[in-house]
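To start, the structure itself, in structure tokens.
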Amino acid sequence: MKTITRHLRLIKMFFSFRMSNQMIYRASFWTAFFVDVSLFLIHLAVFQTLFFNVDSINGWSKYQMVFFVGTFTLIDGLEMWLYFFGVTSIPMKIREGKLDIYLTKPVNTLFWLTFENTDIGSAFICIPGIIMIVTASINLGIRITLWKILGYILLLILMLVLLYSLMLIIRSLSFFFIKTGALDELEGELISISFRVPGVVFRGITKLILYVLLPYALIATIPTQFFTDVLSGDMWLLVLGVVTAFVLLSRWIWRMGLKRYGSASS
Amino acid sequence: MVKTEVIHVGKYLETGKISMKNQVAYRFDVFVRSILPFIRLFLAYALWKALYAGQSVIGGMSFEMMMTYYLIASFLLRLDQSSGLVWETAEEIREGRFSKYMVRPISPLGHFLAAGLAKTLYVLLLVLPAVVVLAAVMHRILLPPAGWMNLAGAFLMGFMGLIFLCLLNYLTAMLAFKFNDITGWHLLKENLVEFLSGSLVPLSLLPEWIQEAMRFFPFYYMQYLPASLYLGLKTEEFVPGLIILGLWITGLYGLSVFVYHRFRRIYEGVGN
């Protein structure tokens with residue numbers, strides 16, 4: 001309990017330091033908001049364009065797609081607010097030997113790296129996400145219950161943890177390769193699987209790959225499926241299994257990388 | 001000024017060679033980048049397979065045409081390597097290292113274009129064989145060009161589109177003279193270009209009045225028209241397209257030169 005309180009206090013301090021820093025550059029404060037909102041509005045436009053020509057995407061209606069994009073927007077806002085900038089700065093710190101200072105502090109290195117670059121401006125991305133979700137729910141005529149809301153929040157948290165683990169695995173490769181810029185682009189393409197195409201379109205081996213081995217297709221699809229349709233018990237088990245496996249895998253790769261770390265010579 | 005630059009083209013070739021060598025040094029990085037178009041194609045396959053269930057033509061295209069369209073569009077999108085140079089140039093400006101271009105007998109725009117096109121050439125050499133092999137293996141869903149003239153037309157239009165994008169990226173990098181952080185501008189531009197060029201969804205699926213308006217803008221001719229020409233569609237738009245894109249390139253070149261000469265006055269040459 002004492003450890004949790006201490007870490008929560010640290011998160012609060014990180015938030016306040018970052019907030020002061022960010023307020024110096026007002027324009028940069030809103031950068032992530034404008035960029036990401038434009039991205040998701042464009043994707044709404046893409047789906048709208050598709051629905052000019054078809055009635056459904058593998059059984060999913062137009063408003064289910066709006067809910068899907070809204071869910072990813074919400075996840076993206078939370079991720080960018082909490083850990084995105086912290087995790088993406090890891091390769092640079094490894095390359096330039098800046099990890100030394102983090103290793104000598106009496107705080108878990110990964111915890112510090114994860115939360116030191118929070119971005120409060122990104123939290124505003126959640127607003128258009130919530131608007132999309134509410135609009136879609138009204139148009140779909142979904143009966144909202146407490147169980148639905150709690151289940152949805154739980155799935156959002158699980159997907160945030162999964163996304164974090166996937167990001168960490170890619171960033172930990174910087175311990176083993178000098179230049180990993182292309183891996184960022186690869187990750188960008190893989191993440192686009194999460195919001196450009198709903199997981200329901202995948203079948204057979206593709207589904208196995210994108211639901212289990214590279215589970216990017218789960219991220220926005222599963223919460224959407226739960227809220228707008230039905231999520232079977234098997235799918236709940238699959239989600240829990242995949243999230244647990246990727247958390248353990250990311251921790252293992254991180255530890256292996258740390259053992260290999262040789263300061264500025266990495 | 002253009003005449004002088006043509007006479008001294010050798011120095012830009014040298015810039016291009018150095019840029020190519022830098023690429024070769026990071027083979028793993030370039031290899032990963034070269035497989036990215038196939039991820040996009042795979043996504044398109046999964047999505048459109050579902051969309052085509054129960055219908056054979058959408059937006060005037062069969063499933064095979066749609067897949068070929070996405071292959072060409074992703075390939076052209078990946079060929080643009082000047083986008084990465086925006087970060088490098090903006091950082092040089094921010095940290096005061098841009099001064100080297102001001103004291104050397106080299107035009108920053110010429111340097112940018114040479115470096116960008118050299119990177120493009122390297123990616124082309126790497127990705128083209130993979131695309132050809134993929135097209136041969138998946139010949140049931142990926143179509144050959146409608147004709148050699150169509151292929152040549154698509155190539156020319158695609159190349160001009162790359163020049164336009166290079167100039168647009170140079171202009172974006174120049175904003176770093178004025179603004180401390182250009183991340184937002186650059187990413188916002190990337191998002192818009194991706195949609196407007198037809199890389200996300202063929203523009204023929206949009207309502208006709210939107211397509212009509214888009215014909216006046218350069219983005220229509222960057223990926224959508226080359227891919228359509230390859231498929232034997234929109235051939236009547238080739239010549240007007242060349243003229244419109246040519247005009248945009250000329251205008252953007254003039255604007256790039258003007259903006260550089262204007263903004264260099266506010267450059268202090270010291271890092272932030």
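Based on what the data block shows, is A:Leu44 within 21 Å of A:Ser137 (Cβ to Cβ), more than 9 Å from every other protein chain (Cβ to nearest Cβ) and hydrophobic (A, V, I, L, M, F, W, C)?
On the way: within 21 Å of A:Ser137 (Cβ to Cβ): yes; more than 9 Å from every other protein chain (Cβ to nearest Cβ): yes; hydrophobic (A, V, I, L, M, F, W, C): yes.
In short, yes.
When each of B:Leu192, B:Leu165 is tested for being free of Cβ contacts under 8 Å to residues at least 40 places away in the same chain and of a type in the set (A, V, I, L, M, F, W, C), the lone residue that passes is B:Leu192.
Taking the stretch A:143-261 and the helices (runs of 4 or more DSSP H) fully enclosed by it, the elements with 1 or more residues that are within 14 Å of chain B (Cβ to nearest Cβ) and either touching a Gly at 6+ places or on another chain (Cβ under 7 Å) or under 18 Å from A:Phe67 (Cβ atoms) (or both) are at A:181-196, A:218-228. Could you check, for the stretch B:51-59, whether at least one of its residues is crowded, with 17+ Cβ neighbours inside 10 Å, assigned to a helix (DSSP H, G or I), within 8 Å of chain A (Cβ to nearest Cβ) and modelled with pLDDT of 70 or more? Taking every residue of the stretch B:51-59 in turn, at least one turns out to be crowded, with 17+ Cβ neighbours inside 10 Å, assigned to a helix (DSSP H, G or I), within 8 Å of chain A (Cβ to nearest Cβ) and modelled with pLDDT of 70 or more.
Out of the residues in the stretch B:188-202 that are among the hydrophobic types (A, V, I, L, M, F, W, C), part of a helix (DSSP H, G or I) and facing another protein chain (nearest Cβ under 9 Å), state the one that is surrounded by the most Cβ atoms within 10 Å (Cβ to Cβ). Write out each step before concluding.
Going through the stretch B:188-202, the residues among the hydrophobic types (A, V, I, L, M, F, W, C) turn out to be B:188, B:192-193, B:195-196, B:200-201.
From the residues that got through so far, the ones that are part of a helix (DSSP H, G or I) too are B:188, B:192-193, B:195-196.
Now narrow it down to the ones that are facing another protein chain (nearest Cβ under 9 Å): B:188, B:192, B:195.
Values: B:Leu188: 17, B:Leu192: 14, B:Phe195: 20.
Out of the qualifying residues, it is B:Phe195.
Of the helices (runs of 4 or more DSSP H) lying entirely inside the stretch A:45-133, those containing at least 3 residues that are within 18 Å of the chain's Cα centre (by Cα) and touching a residue at least 24 places away in the same chain (Cβ under 8 Å) span A:62-79, A:85-88, A:109-115. Scanning the stretch B:138-150 for residues that are loosely packed, with under 15 Cβ neighbours inside 10 Å and either assigned to a loop (DSSP other than H, G, I, E, B) or under 20 Å from the mean Cα position of the chain (by Cα) (or both) yields B:His139, B:Arg140, B:Pro144, B:Gly147.
How many residues, within the stretch B:99-137, are without any contact (Cβ under 8 Å) to a residue 24 or more places away in the chain and outside any helix (DSSP H, G or I)? The total comes to 1.
Step by step: first the residues of the stretch A:15-60, then only those that are in contact with an Asp or Glu (Cβ under 8 Å, 6 or more places away or on another chain) and among the hydroxyl-bearing types (Ser, Thr, Tyr), then the one that is farthest from A:Phe226 (Cα to Cα). Which residue is that? Here the answer is A:Tyr25.
Across the stretch A:216-230, what is the number of residues that are free of Cβ contacts under 8 Å to residues at least 40 places away in the same chain and crowded, with 24+ Cβ neighbours inside 10 Å? Before you say what the answer is, go through the steps one by one.
Of the stretch A:216-230, the ones free of Cβ contacts under 8 Å to residues at least 40 places away in the same chain are A:217, A:225, A:230.
Narrowing further to those that are crowded, with 24+ Cβ neighbours inside 10 Å: A:217.
Residues flagged as free of Cβ contacts under 8 Å to residues at least 40 places away in the same chain and crowded, with 24+ Cβ neighbours inside 10 Å within the stretch A:216-230 amount to 1.
As a summary of the residue check, A:Ser38 satisfies the conditions (1) of a type in the set (S, T, N, Q); (2) surrounded by fewer than 23 Cβ atoms within 10 Å (Cβ to Cβ); (3) more than 8 Å from chain B (Cβ to nearest Cβ); (4) within 22 Å of the chain's Cα centre (by Cα) except for the one numbered (3). Candidates A:Gly86, A:Gly70: the one that is crowded, with 16+ Cβ neighbours inside 10 Å and in contact with a Gly (Cβ under 6 Å, 6 or more places away or on another chain) is A:Gly70.
Considering each residue of the stretch B:203-226, count those that are of a type in the set (A, V, I, L, M), under 21 Å from B:Asn169 (Cβ atoms) and not in a helix (DSSP H, G or I), and give that number. Give the steps one after another, and end with the answer.
We begin by selecting, within the stretch B:203-226, every residue of a type in the set (A, V, I, L, M); these are B:203, B:205-206, B:210, B:213-214, B:222, B:225.
Add one more test, that the residue is under 21 Å from B:Asn169 (Cβ atoms), and what stays is B:214, B:222, B:225.
Still in the running and not in a helix (DSSP H, G or I): B:222.
Total satisfying the criteria: 1.
Tell me whether the stretch A:134-150 contains one or more residues that are small (Gly, Ala, Ser), within 23 Å of A:Pro215 (Cα to Cα) and either at pLDDT 90 or above or in contact with a Cys (Cβ under 8 Å, 6 or more places away or on another chain) (or both). Within the stretch A:134-150 (the criterion being small (Gly, Ala, Ser), within 23 Å of A:Pro215 (Cα to Cα) and either at pLDDT 90 or above or in contact with a Cys (Cβ under 8 Å, 6 or more places away or on another chain) (or both)), the answer is no, since none of the residues qualifies.
The values are calculated or read from the model by the stated rules, or taken from the named source; none is laboratory data. Keep in mind the model is a prediction, meaning the values are calculated, not measured. Positions of Cβ are generated from backbone atoms using ideal geometry, with glycine treated the same way; all protein chains shown enter the neighbour counts.
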